[in-house]
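Only one structure is covered here, and it is reproduced in the block below.
The values are calculated or read from the model by the stated rules, or taken from the named source; none is laboratory data. Note that the structure is a prediction, hence the values are computed from the model and not measured. Positions of Cβ are backbone-derived with ideal geometry, glycine not excepted, and every protein chain shown enters the neighbour counts.
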Amino acid sequence: MFKITLTSSMMILSLTTSTAVMAEQKLNVISSFSILGDLVSQVGQEHITVTNLVKVDGDAHVFNPTPQDAKAIAKAQLVVTNGLQFEGWMPRLIEAANYQGVQVIATNGIDVLSTKEEHEHHDDEHAHHDDEHAHHDDKHAHHDDEHEHYDDEHEHHDDEHAHHDDEHAHHDDEHAHHDHGDIDPHAWHSIKNVKAYIHNIAKGLIQVDPANTDDYQKNAKDYIQKLDKLELKINAQLATVPKTQRKVITPHDAFGYFARDFNVTFLAPQGTSTGSEASAADVAKLIKQIRHDKVNAVFMENIADNRLIEQISRETGAKMGGKLYSDALSSPDQPAATYLKMMQYNVDTIVNALQP
């Protein structure tokens with residue numbers, strides 16, 4: 001009798017232990033940067049463990065992977081990246097890790113914004129107050145080769161010093177394009193795009209872990225409802241700011257999708273990558289524009305070197321409107337620890353600074 005009881009107890013203990021082990025087994029997911037990692041966590045929730053390669057307040061543009069990052073990827077069951085050439089270092093890292101598992105490119109299927117579109121929009125909007133350079137062959141400037149455009153202007157209008165400054169600016173633009181091509185990778189600043197991110201993430205998780213398909217689908221649906229509510233709130237908040245005052249200056253050109261979706265003009269001395277440098281000519285042009293348009297606030301970024309923005313603030317008299325979170329979330333004790341909080345905080349900061 002004693003032996004039977006002991007055996008039964010051991011069987012119950014064994015079953016309980018096995019169940020506990022099974023319950024603790026979570027998908028090991030690697031995300032390229034913190035904003036994306038939060039979106040993955042919202043869909044996967046208790047079924048996954050997410051590791052972000054680029055941590056909170058980190059700059060993915062200039063990130064240098066370590067051997068430990070390669071080891072982490074080698075152990076992952078799913079790797080999620082932004083795509084659009086945002087993580088230029090990722091292909092080499094995947095190769096170094098010899099990763100053969102499932103990869104999700106979160107931006108698949110979105111409405112991609114080209115840097116050429118952004119530049120043309122900015123050129124159109126501010127052509128009326130540029131000096132005589134901007135009045136020469138506007139159509140040529142928008143549609144011909146950029147290098148030929150600059151050469152023409154240098155040959156006919158610029159002195160030697162301006163020629164070198166503009167050529168430097170052109171090389172900086174080319175550097176930015178080498179980083180990301182002719183596309184803007186900062187697609188997460190569009191809530192519409194993030195809905196596509198969520199669908200792509202859910203699809204990837206289901207592929208790796210079909211047993212929890214119902215949970216991933218429900219989590220995705222619930223989160224998209226939160227995005228819908230946030231989008232309505234953002235539109236209502238921005239409607240309180242006159243369109244003529246919706247001008248925002250940031251260190252680098254990270255908010256093109258936000259500008260497109262919410263009818264706000266964003267200008268920056270740097271291009272779409274923080275790895276590029278703003279030329280003296282670009283900074284001078286931006287300062288002139290700020291003065292002409294009476295832009296009353298400029299903004300820092302959590303990932304950027306803000307010394308140039310501080311200089312622009314001093315030279316124009318535009319106040320510092322606060323800090324925006326562009327390419328990374330904040331730590332948990334700061335106000336932008338999740339994607340939803342980041343977007344709300346950015347909008348609050350912009351609206352508060354731009355109110356009449």
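Here is how the numbers come out for the structure above:
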{"item": "Those residues of region 213-261 which are touching a residue at least 60 places away in the same chain (Cβ under 8 Å), in a helix (DSSP H, G or I) and more than 23 Å from the chain's Cα centre (by Cα), in sequence order", "result": "D215, Y216, Q245"}
{"item": "Residue match in region 228-241 (condition: at pLDDT below 95, among the basic types (K, R) and out of contact with any helix residue (DSSP H, G or I) (no Cβ under 6 Å at 6 or more places or on another chain))", "result": "no"}
{"item": "Enumerated helices (runs of 4 or more DSSP H) restricted to region 80-150, each holding at least 1 residues that are at pLDDT 55 or above", "result": "90-97, 115-126"}
{"item": "Filter pass, Q311 being surrounded by fewer than 17 Cβ atoms within 10 Å (Cβ to Cβ) and part of a loop (DSSP other than H, G, I, E, B)", "result": "no"}
{"item": "In region 275-290, residue nearest to Q344 (Cα to Cα) [restricted to those that are touching a helix residue (DSSP H, G or I) at 6+ places or on another chain (Cβ under 6 Å) and not polar (S, T, N, Q)]", "result": "I290"}
{"item": "Residue list for region 42-73, restricted to those being under 21 Å from M343 (Cα atoms) and within 17 Å of the chain's Cα centre (by Cα)", "result": "N52, V54, K55, V56, D57, G58, D59, A60, H61"}
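Residues checked against (1) touching an Asp or Glu at 6+ places or on another chain (Cβ under 7 Å); (2) closer than 19 Å to L230 by Cβ; (3) not in a helix (DSSP H, G or I):
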residue: T272; (1), (2), (3): yes, no, yes
residue: A281; (1), (2), (3): yes, no, no
residue: L286; (1), (2), (3): no, no, no
residue: V298; (1), (2), (3): no, no, yes
residue: A304; (1), (2), (3): no, no, yes
residue: E315; (1), (2), (3): no, no, no
residue: A337; (1), (2), (3): no, yes, yes
residue: Q344; (1), (2), (3): no, yes, no
residue: N352; (1), (2), (3): no, yes, no
